[in-house]
Amino acid sequence: MRSFVPIAIVVAALAVVPLLVHSNVVLNFLVVALMIALAGQGWNILGGYGGQYSFGHAIFFGTGAYVTAILQVKFGVNAWLAFGTGIAAGAVVGVVVGWLAFRAGLRGSYFALVTLAFAEVLRILASVTPITGAGVGTLLKLDLRFAALQFESRAVFYWLILALVAVALIVTYAVERSRFGAWLTAVRENEDAARALGVDAVAVKLGAMVISGAITAAAGCFYSQYFLFVDSHIAYGAWISVEALLTPIIGGAGTIFGPLVGALVVKALGEGALLVTGQAPGLDLVVFGIVLIAVVGLAPRGLVGLRAQLAARWRRARAGEASRG
Amino acid sequence: MLSPVILIPALLNGLLTGAVYALVALGLTLIYGVLHIINFAHGALLTAAMFAAYFAFQVLGIDPYLSIFLIAPLFFAIGYALQRFVIGPASHGEDRNMLLVTLGLAVVIENALLFGFRADTRTIDVPYAFQSIDLGFTYLAVPRLVGFVAVFAVAVVLWLIMTLTDIGRAIRAVAKEKLGAQLAGIDVAHVYAVTFGLGTACVAVAACLLMPTYYVNPGAGNAFVLVAFTIVVLGGMGSVPGAVVGGLVIGVVESLSSLFLGDSLGQVGIFLIFIAVLLVRPQGLFGAKA
Amino acid sequence: MAEALLTVEGVSRRFGGLLAVGAVSLIAAEGRITALIGPNGAGKTTMFALISGFLKPSDGSVRFGGDNVTGEPAHRLARRGIARTFQIVQPFAGLTVRENIRVGAHLRHAGRAAALAAAEAVAREVGLAGLLDAPADSLTVAGRKRLELAKALATEPKLLLLDEVLAGLNPSEIRDIIPVIRGLRDRGITILMIEHVMQAVMSLAEHVYVLAEGRIIATGTPAEVACDPVVIEAYLGHGAAKRLARAP
């Protein structure tokens with residue numbers, strides 16, 4: 001169980017932050033960064049470990065956000081129950097989309113396209129159907145009680161999202177060690193070879209899609225509780241599909257801590273860009289895009305893998321010198 | 001039942017809009033046919049070209065139809081450089097990386113435009129924007145007719161390039177058998193970049209054809225490109241006739257479904273076709289069964 | 001003759017208008033090594049794809065251990081005990097040798113520790129024990145061939161389909177791996193192999209089928225097949241057998 005230790009250390013270190021820092025700005029920054037990390041952790045299971053690059057993870061984020069909001073506002077369901085149902089709904093959407101896409105044998109570009117298209121369909125539908133509040137969106141009632149899953153103090157929200165991130169870290173760890181995880185990475189590396197070894201590739205990818213959907217949906221559920229508002233652009237917009245894949249890719253796809261590292265770095269860069277330009281829209285995303293291209297080009301294993309990559313290069317250079325000398 | 005008085009113009013309009021869709025799709029399918037990736041930066045490049053056409057008119061006073069001869073070569077060069085110096089080197093030859101890099105480019109271009117020009121919607125004012133030809137039973141808008149003719153001109157030029165020139169032959173060789181082409185001494189990186197440049201030039205032409213009647217803002221290209229994805233999938237990835245026919249079909253479907261369902265649900269119709277085709281027949285209606 | 005583990009009966013496969021294999025019947029006897037040989041393009045690899053579930057036969061039936069398994073998907077056949085190697089090796093390139101073999105081992109071992117232990121045992125058997133932590137894409141051609149074999153073996157198959165595991169190896173590497181294959185047979189694994197290296201076929205196989213242009217043209221012991229004029233013609237062209245017979 002020695003490998004649990006890094007997770008425990010990281011989570012514990014993050015947990016004490018609100019005790020040391022009381023600035024609402026800083027806490028708000030961290031809450032949003034952790035929420036994006038959570039969305040990215042979902043993507044990482046399917047994309048990082050399974051090699052199935054979704055360009056439409058908004059389908060899960062948005063479903064979680066809407067289910068949480070609508071159940072409370074339209075049906076008077078308890079906030080905690082609505083939150084849990086939102087996560088389950090993400091898993092169900094994962095089953096449906098995954099079953100359709102993987103049964104049809106979609107991979108690579110095609111899988112990216114079909115997820116993108118599903119997100120667009122849901123966004124357009126959500127912008128016209130009455131139950132989502134159509135173009136106006138859905139507003140949650142301010143109700144600062146524990147039972148309503150709303151808190152006066154940002155610190156409590158912070159610990160809530162940190163707890164969710166911690167659960168996702170442990171799930172990722174468990175996946176990585178398990179038979180399912182071995183099969184999933186095998187499918188990523190070479191699907192035909194995996195099938196020859198008895199791996200039911202469709203079932204494995206479907207499983208990854210379900211876990212992935214549930215985790216990213218949890219980030220959406222949290223969004224609704226934290227901001228108390230959701231509309232079709234927030235829920236199913238391209239921004240979250242992009243950020244959900246950006247964070248693991250930059251941090252290190254297929255690694256346990258990749259999405260967390262990526263989210264903190266990406267969000268810090270974004271804030272920096274906005275600070276420099278005085279909140280003008282666009283520049284933060286320009287920075288994200290450049291970082292994405294740079295990481296893919298220069299550090300294909302992400303920031304987490306960078307150390308190993310540099311060490312390997314150094315060793316090779318040394319070996320080269322030794323053989324020449 | 002709707003009367004032919006409404007139906008026929010809707011049909012014709014659909015065909016004419018479809019021609020521009022076809023042009024955007026042509027660029028996409030060309031790139032897919034050779035590089036085997038979907039260029040997710042296609043929409044952002046279309047938007048950028050529309051901005052170029054806009055400023056060519058506003059600043060230099062060049063009519064959008066004339067600026068084709070300026071902007072298409074410019075965007076060929078941009079496309080060539082992007083593939084040669086950004087997408088190619090950053091992807092390490094992995095398809096998954098190419099997807100990510102083109103997505104990253106899309107994010108960069110679109111938001112650089114947003115940062116530079118704000119979210120304002122801009123239009124240009126040309127005298128022929130609302131001119132139309134009376135066919136007796138209906139009217140044809142002049143700009144759409146010009147677009148329709150221009151698309152076929154572009155298709156012919158592309159076909160001539162592909163069949164008559166050395167680079168065209170090299171492109172077809174690489175599309176068919178990359179390794180073999182490489183062994184025969186063809187510079188694959190160059191061919192990839194030329195193809196990407198041609199695809200980008202196609203959207204540049206489309207942008208110039210759109211500007212007289214359409215508007216531009218930093219997200220303007222996306223609407224077209226999602227439709228273009230649909231067309232390319234419908235027509236079969238990499239199939240040029242598929243892109244042209246698919247573009248016309250989708251133009252008509254959109255025009256008719258907007259008539260019956262309203263604009264936004266009309267778009268849902270397209271995406272549902274898209275998803276259905278992907279799931280049932282991913283090789284497209286014209287593509288050969290794998 | 002020993003009992004048949006695999007029985008292929010009248011299997012055909014068409015690609016569009018092209019008949020890749022036509023009405024092929026063959027048997028792999030339990031505990032024996034059977035070889036499938038033939039000139040390039042004869043349809044051997046297509047036969048393997050049909051037997052291992054990567055392609056569905058257009059016609060005919062495949063029986064394995066008494067069950068009709070025609071058209072079952074690859075992963076289910078692997079669970080039944082059919083493992084295959086690929087002619088063009090298919091390693092999980094980003095993983096280490098140990099992780100590669102572990103994927104196969106997980107078919108029979110759910111737990112991580114058990115699968116890793118099984119993977120190590122297989123690595124020792126095929127001579128990869130020293131390279132367990134090497135990345136798969138750092139292996140030599142011979143190493144990759146061994147890894148291909150190891151992954152398949154880790155699924156603990158009853159029937160092993162070997163698709164040219166010796167191709168691309170030098171004579172000393174071939175000499176090293178032949179006893180490994182014989183060792184597998186000796187511990188009860190039935191083997192069906194596609195092979196071009198005739199020396200290996202002659203020394204390993206107990207029964208040989210010759211496939212040409214999608215049809216079985218000869219069958220028998222290696223010695224019988226080697227001097228069959230029909231076989232010589234298939235390999236060397238029309239009239240070759242006669243010319244060879246006339247040669248002094």
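Please treat every number below as a calculation from the coordinates, not as lab data. A quick note: this is a predicted structure, and the numbers were derived from the prediction, not measured. Here Cβ is always computed from backbone atoms with ideal geometry, including for glycine, and neighbour counts include all displayed protein chains.
Here region C:67-140 and region C:205-237 have alpha carbon centers that stand 32 Å from each other. Partner lysines whose Cα lies under 20 Å from the Cα of A:K141, excluding those fewer than 8 positions away in the same chain, are identified as A:K74. Using the Cβ-Cβ distance between A:A88 and A:L144 with R0 = 30 Å, the FRET efficiency computed as 1/(1 + (r/R0)^6) comes to roughly 0.70. Projected onto planes of every orientation and averaged, the convex hull of the alpha-carbon atoms in chain A covers 19.8 nm².
Panel order for B:V216, A:V26, C:V126, B:V146, by other beta carbons found within 10 Å of each beta carbon, from fewest to most: A:V26, B:V146, C:V126, B:V216. Label sites at A:V96 and B:L272, each approximated as a point 7 angstrom past Cα along Cα to Cβ, lie 1.3 nm apart.
Measuring r between the beta carbons of B:T123 and B:I8 and using R0 = 30 Å, the FRET efficiency lands at 0.60. Annotation: lysines with alpha-carbon distance below 28 angstrom to C:K56 (same-chain offsets under eight excluded): A:K205, B:K176, B:K289, C:K44, C:K145, C:K151, C:K158. Run the paramagnetic zone check for C:D59: 7 angstrom along Cα to Cβ, then residues of region C:1-28 with backbone nitrogen under 20 Å. Backbone N within reach: C:7-27. Take the Kirkwood radius over Cα pairs of region B:113-240, plug it into Stokes-Einstein at 10 °C and 1.306 mPa s, and you get 90 µm²/s for translational diffusion. The angle separating the long axis of helix B:263-280 from the principal Cα axis of greatest extent in chain B is about 40 degrees.
Panel order for C:F48, A:F4, A:F111, by other beta carbons found within 10 Å of each beta carbon, from fewest to most: A:F4, C:F48, A:F111.
Adding -39500 (n - 2.57) for every DSSP H run of four residues or longer, then dividing by how many residues chain C holds, sets the calculated 222 nm ellipticity at -11000 deg cm²/dmol. For chain C, the relative contact order works out to 25 percent when only alpha carbon pairs closer than 8 Å and six or more residues apart are counted. The label-point distance for A:A203 and B:V142, in a model that sets each label 7 Å from Cα toward Cβ, rounds to 6.7 nm. Loop-located trypsin sites (Lys or Arg not before Pro) across region A:64-158 with a Cβ neighbour count of 10 or fewer within 10 Å are A:K141, A:R145, with loop assigned by DSSP. Note on C:L19 and C:N68: their simple-model spin labels are 2.3 nm apart, each label 7 Å out from Cα toward Cβ. Only Cα sites of the protein assembly as shown enter the Debye sum here, all with the same form factor; the resulting log10 I(q)/I(0) across q = 0.05 1/Å is -0.33, listed in q order.
Using every Cα-Cα pair within chain B, state what percent have a distance larger than 36 Å. Within chain B, distances greater than 36 Å cover 14 percent of Cα pairs. Amide H contacts for C:A212 (H built 1.01 Å from N in the peptide plane; partners 5 or more residues away or on another chain; cut-off under 5 Å): C:I217. Taking 51 Å as R0, compute the FRET efficiency from the Cβ-Cβ separation of A:A280 and B:D95 and round it to 0.05. Calculated value: 0.90. Using a Gaussian network model of chain C in which every pair of alpha carbons under 10 angstrom is joined by a spring, one finds that among C:H207, C:H196, C:H75 the greatest mean-square fluctuation is at C:H75. Across the alpha-carbon atoms of region C:94-248, the computed radius of gyration and Dmax are 18.8, 65 angstrom.
Listing C:T190, A:T247 from fewest to most neighbouring C-beta atoms within 10 Å gives C:T190, A:T247. Here the extension length gained between B:F55 and B:T165 equals 36.3 nm, from 0.36 nm per residue of separation less the Cα-Cα distance.
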